[in-house]
Amino acid sequence: MGGAAVALVAGIVGGLALLVDGIPAPDSFIEQHGPLMALGFLGTLIALERAVALRRPWGYTAPAFAAAGAVALAVGAEQVGRVALTVGGGWLVAIYLALLGRRRSRETFLQLGGALAWPVVGVLWLAGRPVPERVVWFAVFLVLTIAAERLELAHVVFLRPIAWAGLLAAAALVGAGAVVSLLAPLAGARMAGVGMVVVAGWLGFYDVARRTVRGSGLSRYAAVCLLAGYGWLAVAGGLWAATGLASGRYLYDAALHALFLGFVMSMVFGHAPVILPALLRVRLPYRPVLYMPLVALHAAVAVRMAGDLAAAEAARTLGGVLASLALLMFAGCAIALTHSGHDREVSGVGPVDIRVEKGKPLLGAPPAPPQRPRASWHLRANAIVVGWLALTVVVALAGDVLPAPRWLLIHVFLLGAVSTAILIWSEHFTVALLRVRTPPQRASLARLGLLNAATVAVLAGVSAGPWQVAAVGAALVVGVVLWHAAVLVRLVRQALPGRFGHVIGWYVAAAGALAVGGLLGGLLAARIGHGAVHERLHAAHAVVNLFGWVGLTVLGTLFTLWPTVLRTRMSDGTRRASRMGLRLAAPGLAVAVGGLLADSRWMALAGLVAYAAGGLAVLAPLADALRRRRPHTGASWMLGAAIVWFEVTLAANLVVIATRPAAEVAAALELLLPLVLVGFVAQVLLGSLLHLLPAVLGGGPARFKQNAALLERGWPVRLAALNLGVPLLALPVPPPVTLLGWALVLGSALAFVALAVTALTRARPTAGVEEHERSGSGGSASGGRTWRRSLPAIAGVVVGCLLTAAAVVVATTGGSRPSTTVTATGSRTVEVTLSGMSIRPAVIEAPVGTALTLRITNADAQRHDLRLATGERTPMLAPGQSATLKLQPLGQSVDGWCTVAGHRAAGMTMRIIPTGTTAAASQPQASTGHTGHGTNAVQTGEPTRLDLAAPMSPGWKPYDATLKPAPGGTEHHVEIRADDTLLQEVAPGVRQRVWTFNGTLPGPVLRGKVGDVFVVTFVNSGSMGHGIDFHAGATAPDGPMRTIQPGERLTYRFKAAFAGAWLYHCSTMPMTQHIANGMYGAVIIDPPDLPKVDREYLLVQGELYLGEPGADAQVGKIRRGEPDGWMFNGTAAGYDHAALQAKVGERVRIWAVAAGPSSGTALHVVGAPFDTVYKEGAYLLRADDPGGAQVLDLAPAQGGFAELVFPEAGTYPVVDHTMRQAEAGAHGLFKVGAP
Amino acid sequence: MTWWSVVRFLHVLGAALWVGGQLTVSLVVLPLARRLLDEQRRGQVLSAVGRRFGLLTVAVFLPVQLATGVAIAWHKGVTWASLAEPGYGRILAAKLVLFCAVMAAAGAHGWATGRGRPRLARAMAVTSLVGSLGVVLLATALPAS
């Protein structure tokens, strides 16, 4: 045991020293960190445990050897340590053989298999094999041993042979992986990884832990340890399988420590209370404090994994330190508990009993923990809703601090609070109304959990990026809600026909609406559709979610809820009204959404009118109920007010849709949002919670009354405040009045949240009280008393925290500000344009002290705004609108961005940089941190050296240089779309925004014969004006070459009267920028009788200017003609990384076009002269001429081809022999193979 | 190692003892007293503990903290004007204000205990505890130079 402790300490210190520089540790600790932990510590423990089980003196030799080996390793006698540890492993095998001789059991076989790995490791080690090769064997040893040990504990449970075979197969897979790893380390590790995943799955499925985790005390703790450990085993296996233990510090580290820390140490924690007594004859009584090291351990492993996967050294170190802390904490707990175990006897559970308990005996099982009452899970689930509500308040208060504050506010509330509430309650109502059995609670909880996870993903993805996270979240939302709808439909099928079945139709229709809305939201998040399309998507998204998901659910619920709240019976016509309402509303909504998407105002209007008619049909039975009974409770008044707001919104929306084109609907709806969100949705939510919470909290009539009274406290004031606040928010009133509106609304909401939390916390002790009551003692007051008693303490904590927070605010404000002594030295006005997901200029440079005035114009087809880090902001600008911002005299760099959700991540950022101050200002960091796409685009004038030898990013595909033969026919129809938002890899590892035709750089190749007619439909899908100019055609430029605006199209028809390689390019001024940013391509018109050759390639050469297109710095470089690089077919040195292919003896024709804008080319193939050269419509050289050519020279916009035959196999560079340009990227390779 | 180190040591030690003492009483003594002692004895023990702690605070802790604190501030060249400046001065000022608030809370605790208002006393005790943690937080935030 002492040896194991030495190994543990030495291993931990060594591990820490690996992570943190400067921790003094002997070299032996560091070098032998792995063996010390895996064999020295764990091996000794396992051997000791087996020796105890054997109960023969000779058995103790194995742990003795292992411990001695560990000590030897630690003190630096490496060779001695290796031998001793190997012998210890051999001895352990002997122990297993002896155990097997005593009783043949499959666990022992499995353990024997694991133990065999130990001496193998030893031998490999003695043979000097490197650590990574031995790691697989370590894993075999530990995984098999632990799995077998779990099997031993679980074997009381009847195991079918098939299950046993599954484990055996998985174990065999791990073992086989280790064997394979001797020959092929990568494949072996992958194999073992797959095996580990299977083992983890098997254990997770069959282990009793899955059941005992619902128990309490020790068995629960152990089960938590085990299950968490299995999770890490699966993670580790996945990592192994994915990476094959590939070298590279981070992934290797992650793969190793997920297994050895996450899985193995978790197992040790879980088993220690069982094994320690057996080993040391001391008791380790269970205490909840044991969870502390466990949580610390898993947090540590998680942090470490995150650090490894994100390659963040600091996180990894933190994880390592935390892990050693966890191990020390556990050791500390163990020591403290074994020594103080007798001050409070724990219900006489000896180690043996624990084993039995863990083994889950079939008979005489301890009574199952009392099932929580049914209301309880609703209660808990509603806590999520209350939590989201509180978060909504926080978001509203935080305001501008957050990215995309408006969007966040809306979605935290609707997607977080409201959707969760709908999911919970529509299922609950369905069950209650249909009188069917509750669907499996686990599935419901899973849906709820998934929805919340998806919500978090959407919120995070949209507000902070990357958008893929948001899109996945949206997809998940759609999936969950479809699942929810399926469950409801199944419930209806199961149920007997009843009076309330009609309500479920509303819920299902609502779920369908959210599925559509979520889909639209996902499209929005993915930024599919631009400009007007975007706005239409937005409008449809808003309408279908508000009126569909929320509206339909609420309307459906009102049929039953309204009479219940009024405490009257349902009116007779309810069912008919419901049927009719749904038949009108659901199709109406579908038509309306279709109309909005299709940009058909009247269709949208007709749909919405049908929806409104459906809504009116619903009102009939509600009004009927109202006639019978006046509203008399807070809940009924709130619901009533909510219905009124709903109708108001609906009417306003009708007006909006009738008077505006679809693209402007979203902007107009924005004004209505407070009405819907606060007046209708929030009020319905509050009203229903007000009515339902007391019922859900339960606890008998007295408790019900008490809770109801608590929740209704001061409801008239709250109602009035809320409904006064709503119009103040919606109407265009001066800011202070709006603020008052917010105060009223939030105050009312906060009051409810506070009361609800009070009621909820009160309810928890009640559960305990009920138990007391059942056992005959106690009174209902004690729950309240506990609550009361802790009230002063809570108040104290709150006051203390507030005081501290205030002090911290005082301490930090103004600390980071620059001294306010910047004096105005001049002033300047800068025009800023918002368009196409960028802000131009992206960088404004001005001398310190300049008082800048920004005139911001939204030139895009969708809404944007601009917010500066110093707090100035424009209002949301509609397309074409402008605003002016006056800035304080410039002191420091100021960032600016668009606050519309996702736009900052998409690159709508800018920076104002003071010049002439410090070095930091002259080398501004481009705002790459905000672009979120891994852009390395450098946005300043700094000449950047491209690293052309660096590898291309994974996933990069070269532009296919192969030139396809001309299609048949004499008339060619082509559509070319201009786009200016794409990011493309323009040089190894350098991605940059480019302007393109049809999304490729260069644009599509047009090829035909002399006399062919090309009919080009040119569409501008970009965010600014573009045009197109085909050199191959003869036409007056005025019409077809004109600049068209985003969304417009033109037809460009030309007849190719002349043969040649022709350039086409964007014809919009400034053409330098449009061409330099990528808007060019080639038209190839074959000369008559062009001979067929074996291969034809096309290289379009262009210049590369790094930086955000249109930014001052980039424009300057273009004007001066100082490219950062040259590209063949849109990537500098791209064909160095994806060589062009040819074979010896083949005739290869290389077409070339020089796109410029400022430089031509001198195309040359190193090692292979041309025998044919055709330039600008004429042959300069033919194959049967005696001469040859070394270069095809082209001025900007010229084209031609050259032909050659490679003499022998090899690699032939193809370069622009203007060497400066070749070395900066105009360079590629021909790989010539044998024929 | 100069005499100033000793002064700083005393200042830190005083803070550690005071905050640590509060934590010990709240997290160790109080729960155990609740569990192990009956109503009457608990009252006796707790009031004795409180009185002793208050005595120590007033007699030892406050004088030591004030003396060493003022000395350190003088050594650092802190002036009234510099307290308003962002950075060291502002943080120090906030810390002093918070410290005064904590002392006020502690005083209120003693007063409320004497007047037999246990709920207020408890709230004030916790306020003082949390606030003194805040003081420590601000102390660690002071720039080292």
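Which members of the stretch B:82-97 meet the condition of being assigned to a helix (DSSP H, G or I), within 12 Å of chain A (Cβ to nearest Cβ) and not hydrophobic (A, V, I, L, M, F, W, C)?
Listed by number, the residues that qualify are B:88, B:89, B:90, B:95.
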Can you tell me how many residues in the stretch A:276-304 are hydrophobic (A, V, I, L, M, F, W, C) and in contact (Cβ under 8 Å) with a residue 60 or more places away in the chain?
7
Among the numbered conditions (1) within 11 Å of another protein chain (Cβ to nearest Cβ); (2) without any contact (Cβ under 8 Å) to a residue 40 or more places away in the chain, tell me where residue B:39 comes up short.
(1)
Contact list, first residue from the stretch A:69-91 and surrounded by 22 or more Cβ atoms within 10 Å (Cβ to Cβ), second anywhere and not in a helix (DSSP H, G or I), beta-carbon distance below 7 Å, six or more apart or interchain, is A:73/A:32
Could you list, in sequence order, the residues of the stretch A:228-261 that are among the small types (Gly, Ala, Ser) and in a loop (DSSP other than H, G, I, E, B)?
A:244, A:246, A:247, A:248
If a residue counts only when it is among the polar types (S, T, N, Q), which helices (runs of 4 or more DSSP H) contained entirely in the stretch A:139-227 have at least 1 such residues?
A:161-183, A:209-212
So, in the stretch B:98-123, of the ones that are within 23 Å of residue B:59 (Cβ to Cβ) and within 7 Å of chain A (Cβ to nearest Cβ), which residue ends up surrounded by the fewest Cβ atoms within 10 Å (Cβ to Cβ)?
B:101
If you take the residues of the stretch B:124-140 that are among the β-branched types (Val, Ile, Thr) and within 12 Å of the chain's Cα centre (by Cα), which of them is farthest from the other protein chains (Cβ to nearest Cβ)?
B:136
Among the candidates A:254, A:258, A:300, residue that is modelled with pLDDT of 85 or more, under 21 Å from residue A:196 (Cα atoms) and crowded, with 19+ Cβ neighbours inside 10 Å:
A:258
Looking at the stretch A:311-337, which of its residues are of a type in the set (Val, Ile, Thr) and either within 19 Å of residue A:291 (Cβ to Cβ) or under 25 Å from the mean Cα position of the chain (by Cα) (or both)?
A:317, A:335
Please give the number of the condition residue A:451 fails out of (1) surrounded by fewer than 23 Cβ atoms within 10 Å (Cβ to Cβ); (2) out of contact with any Phe, Trp or Tyr (no Cβ under 9 Å at 6 or more places or on another chain).
(1)
For the stretch A:1127-1235, which strands (runs of 3 or more DSSP E) that fit wholly inside it have 1 or more residues that are out of contact with any strand residue (DSSP E or B) (no Cβ under 7 Å at 6 or more places or on another chain)?
A:1178-1181
Please tell me if residue A:203 is at pLDDT 80 or above, touching a helix residue (DSSP H, G or I) at 6+ places or on another chain (Cβ under 6 Å) and either surrounded by fewer than 21 Cβ atoms within 10 Å (Cβ to Cβ) or of a type in the set (A, V, I, L, M, F, W, C) (or both).
yes
Failed condition for residue A:798, given (1) at pLDDT 80 or above; (2) away from chain B (no Cβ under 14 Å)
(2)
Looking at (1) away from chain A (no Cβ under 14 Å); (2) assigned to a helix (DSSP H, G or I), which is the one condition that is false for residue B:79?
(2)
State the number of residues belonging to the stretch A:110-130 that are touching a residue at least 12 places away in the same chain (Cβ under 8 Å) and more than 18 Å from residue A:84 (Cα to Cα).
5
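Which members of the stretch A:261-274 meet the condition of being of a type in the set (Gly, Ala, Ser) and crowded, with 24+ Cβ neighbours inside 10 Å?
A:262, A:266, A:270
The values are calculated or read from the model by the stated rules, or taken from the named source; none is laboratory data. The shown structure was predicted, so the numbers you read here are calculated from the model rather than taken from an experiment. Heads up, the Cβs are rebuilt from the backbone with ideal geometry, glycines too, and the neighbour counts pull from every protein chain shown.
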